[in-house]
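S.K.: Quick one: the structure is below, and I'll ask about it shortly.
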Amino acid sequence: MSGPVPHGFNLSRVFSTVAAAVPDQVVLIWRDRRVTYAEMDARATGLASLLVERGLGSHAERETLAGHESGQDHLGIYLHNGNEYLESMIGSFRARVAPFNVNYRYVAEELVYLLTDARTRALVYHAEFAPTLAAIRDQLPDLELLVQVADESGHDLLPGAVDYEQAVATPVPAAGLPEPDGDDLYILYTGGTTGMPKGVLWRNDDIYVSSMGGTPFGTTEPYTSYDAIAAAARAGGGGMRLLMIPPFMHGAAQWSTFHTITGGGAIVLPDEVRRLVPSDAIGVAVREKVVSIPVVGDAVALPLIEEVERGDHDLSGLAAFNNGGAPLTPGVRDRILSALPHVLVMDAAGASETGLQMSSLSLKGMEAGTATFDPIPTTTLVDDLLSRTLQPGEGEGWLAQRGRVPLGYLGDAAKTARTFPVIDGVRFSIPGDRAVINAEGRVVLLGRDGVTINSGGEKIFVEEVERALAAHPAVRDVVVVGRPSQRWGSEPVAVVQLEDGAEATDEELVAEAERHIARYKVPKAIVRVAAVQRSPSGKADYRWAKAQAVEPVG
């Protein structure tokens, strides 16, 4: 069949289509490992076979369910980056099981919350996490199947667990595998850096077409069939190579990975996948001749560009830095373009609840405006009352997405109704970002309302304050949060990490901020830390920062 399966594209069949078109091309490179499309496809089928053999799959079709409900079993992926992560995703989809991302930094209590909230029946995990799992196993009565990936930790298999290499060698059941459907779920858990993590439920077809390669780059029309995807993969010639530094548990990493897969390209992993080692990452980029490097804000981009500035690296084949998930400050963007004047810096904006919404492109001498983006046709702003969409030049409102948006939040009907309202008969996704639409129809992103500071009746968007402070050359990293104030109700506090060996007084940092933002937005206090804590992907951890800001005066 050349057209889509019922209800559109499914990510399992997208992968098998590309694997059939370019079986001998390499899909993943890590250290001395070269995994071809055919090999990964076979291994994913083995995992799918184990899941089906154990009775996991889909038990209710989409049309019988509300937006916040799932009719499928769920498999958690508790892994560092590696071929096993992609195989677990594809194998789950192939068994009509919905995979979801598990943050490997979570402590036991957070892990219990997540795995319970996700109604987890199966879990694929690295052996290093076996002791953590063993300690909470009795709190997870629904968790039936454990699949353990061997690693350098040397931990033995947990009781009843299946070795991953045995799992992917499982033969196809006599009755065969189910036919994946475009309605099957893609589940993405939010980071939980501002509140408790929530499972965002997408249809496979919607997330693939909106954000994962189902719409060819630079166009607005999706592929019309699997045959068209196969043709695109063959035409790519294996030339697209992406250096994947952010963890696959981060939505943007999954999205750019499937974009690359749709073009028959290769995902290149740094030798060290547990933390960012800039010399390693750039060395691998040179060795494997990568074309694109995705980054998540300054936390990833700055160490990389410092390594480029230090060394003599041949990055002549590098075409782009792709930023998403956290802001890239103007100073860091300028350093990228100065060190690598031939590259394109692409900033993309979106959320777990919206998919990709807008982007901006910067070339040396043609830099885009700070936090200013060109929206895709389905991105818009709506007014504060959620009653209508805003027209160009109407100013501030809620950043919104329409068209292909998620079904809801797993198990939470009330939050689903709030985040995905219907306006004039059209369903929108409005996860909480504030923005301005200017006269030219471009969108200026202000920031997430959930971390906005209301100080004396004035709204302060923390990302704007962070950019202002980051302009000081001594500032390595900064996160801004609000803390209680008797006078203002809430006041901005900057949690600052300085460059090694650098010095700057509070007065000097405040003076720098005053050059860029109004006085009422300037931090009322500076809290200095040895290192700003961020999520593994590079996103700001506002819960951690608030603890740093409040405790000194508490």
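S.K.: Which one is farthest from the chain's Cα centre (by Cα), of the residues in the stretch 272-311 that are under 16 Å from Thr257 (Cβ atoms) and not hydrophobic (A, V, I, L, M, F, W, C)?
M.R.: Only one residue fits best here, namely Glu288.
S.K.: Something else about it: Specify the residue that is surrounded by the fewest Cβ atoms within 10 Å (Cβ to Cβ); the eligible residues are those in the stretch 306-315 that are assigned to a loop (DSSP other than H, G, I, E, B) and modelled with pLDDT under 95.
M.R.: Asp312
S.K.: Considering each residue of the stretch 448-484, count those that are in contact with a strand residue (DSSP E or B) (Cβ under 6 Å, 6 or more places away or on another chain), under 15 Å from Ala435 (Cβ atoms) and of a type in the set (Lys, Arg), and give that number.
M.R.: 1
S.K.: Suppose we keep only residues that are assigned to a loop (DSSP other than H, G, I, E, B) and at positive phi within the stretch 349-379. Which one would you say is surrounded by the fewest Cβ atoms within 10 Å (Cβ to Cβ)?
M.R.: Gly365
S.K.: Is it the case, given these coordinates, that Arg543 is more than 26 Å from Leu304 (Cα to Cα), touching a residue at least 24 places away in the same chain (Cβ under 8 Å), of a type in the set (D, E, K, R) and not in a helix (DSSP H, G or I)?
M.R.: Answer is no for this residue.
S.K.: Criterion first (of a type outside the set (Gly, Ala, Ser) and part of a helix (DSSP H, G or I)) does Ile267 satisfy it?
M.R.: no
S.K.: Okay, next question. In this structure, is Glu128 modelled with pLDDT under 95, out of contact with any Pro (no Cβ under 9 Å at 6 or more places or on another chain), farther than 13 Å from Ala161 by Cβ and surrounded by fewer than 22 Cβ atoms within 10 Å (Cβ to Cβ)?
M.R.: No; evaluated as a whole, the condition is false for this residue.
S.K.: Consider Leu158 carefully, then state whether it is in contact with a Leu (Cβ under 7 Å, 6 or more places away or on another chain), farther than 18 Å from Leu185 by Cα and either of a type outside the set (Gly, Ala, Ser) or in a strand (DSSP E or B) (or both).
M.R.: In short, yes.
S.K.: If a residue must be in a loop (DSSP other than H, G, I, E, B) and small (Gly, Ala, Ser), how many such residues does the stretch 32-60 contain?
M.R.: 3
S.K.: Considering only the stretch 421-467, give the strands (runs of 3 or more DSSP E) lying wholly within it that have at least 2 residues that are surrounded by fewer than 18 Cβ atoms within 10 Å (Cβ to Cβ).
M.R.: Output list reads 426-429, 458-460.
S.K.: Continuing with this model, one more query. Which residue out of Ile29, Ile90, Ile77 is in a helix (DSSP H, G or I), under 30 Å from Arg287 (Cα atoms) and among the hydrophobic types (A, V, I, L, M, F, W, C)?
M.R.: Just a single option satisfies the conditions, and that option is Ile90.
S.K.: Among the residues of the stretch 227-271 satisfying the criterion of being among the aliphatic types (A, V, I, L, M) and within 15 Å of Asn101 (Cβ to Cβ), which is farthest from the chain's Cα centre (by Cα)?
M.R.: Met244
S.K.: Pick out the one residue from Arg203, Arg234 that is surrounded by fewer than 23 Cβ atoms within 10 Å (Cβ to Cβ) and of a type in the set (Lys, Arg).
M.R.: Arg234
S.K.: List the number of the failed condition for Arg487; all other conditions in (1) surrounded by fewer than 16 Cβ atoms within 10 Å (Cβ to Cβ); (2) under 23 Å from Pro330 (Cα atoms) hold.
M.R.: The single condition Arg487 does not satisfy is (2).
S.K.: Is there a residue being on the phi > 0 side of the Ramachandran plot and either buried (at least 17 other Cβ atoms within 10 Å of the Cβ) or in contact (Cβ under 8 Å) with a residue 60 or more places away in the chain (or both) anywhere in the stretch 324-335?
M.R.: yes
S.K.: crowded, with 19+ Cβ neighbours inside 10 Å, farther than 22 Å from Arg467 by Cβ and of a type outside the set (Gly, Ala, Ser): does that describe Val382?
M.R.: So Val382 passes the test.
S.K.: Within the group Thr215, Thr170, which residue is assigned to a loop (DSSP other than H, G, I, E, B), touching a Leu at 6+ places or on another chain (Cβ under 6 Å) and not acidic (Asp, Glu)?
M.R.: Going through Thr215, Thr170 in turn, just one is assigned to a loop (DSSP other than H, G, I, E, B), touching a Leu at 6+ places or on another chain (Cβ under 6 Å) and not acidic (Asp, Glu): Thr170.
The values are calculated or read from the model by the stated rules, or taken from the named source; none is laboratory data. Because the structure is a prediction, the values reported are computed rather than measured. Every residue, glycine as well, gets a Cβ built from its backbone with ideal geometry; the counts of neighbours run over all protein chains shown.
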